[in-house]
Amino acid sequence: MSHMQDFYEMEPCKRFNAVFSTLHIEPLLFAVNKESVYGSPAELNFPAMIYALAARILERIPTIKELIKFFIDKYASISSF
């Protein structure tokens, strides 16, 4: 069995932990750092966005639209307090 097959057979939490523990996003955060009063709000959670894009690849989700649907479907019950 190939290493990639073993990787994809791991539980999602373990698979994400394996990738995210080695993913250094600091250079990306520096690149998207908000320094201007114009444009998008500074309160955006850029680390979460970067991790979501990585999760999209790991979960083999083809589009951003489907990624948003994935998170809405998966976490809708959590956010409705």
The condition from (1) surrounded by fewer than 10 Cβ atoms within 10 Å (Cβ to Cβ); (2) on the phi < 0 side of the Ramachandran plot; (3) at pLDDT 80 or above that ARG60 misses is numbered (2)
Would you check if PHE20 is at pLDDT 80 or above and touching a Leu at 6+ places or on another chain (Cβ under 8 Å)? no
Tell me which residues, restricted to segment 32-55, are at pLDDT below 80 and not charged (D, E, K, R). VAL32, ASN33, SER36, VAL37, TYR38, GLY39, SER40, PRO41, ALA42, LEU44
Out of segment 42-52, which residues are in contact with a helix residue (DSSP H, G or I) (Cβ under 8 Å, 6 or more places away or on another chain) and closer than 14 Å to PHE20 by Cβ? PRO47, ILE50, TYR51, ALA52
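The values are calculated or read from the model by the stated rules, or taken from the named source; none is laboratory data. Remember, predicted model here, so these are calculated numbers, not experimental data. Virtual Cβ from ideal backbone geometry, glycine too; neighbours counted across all protein chains shown.
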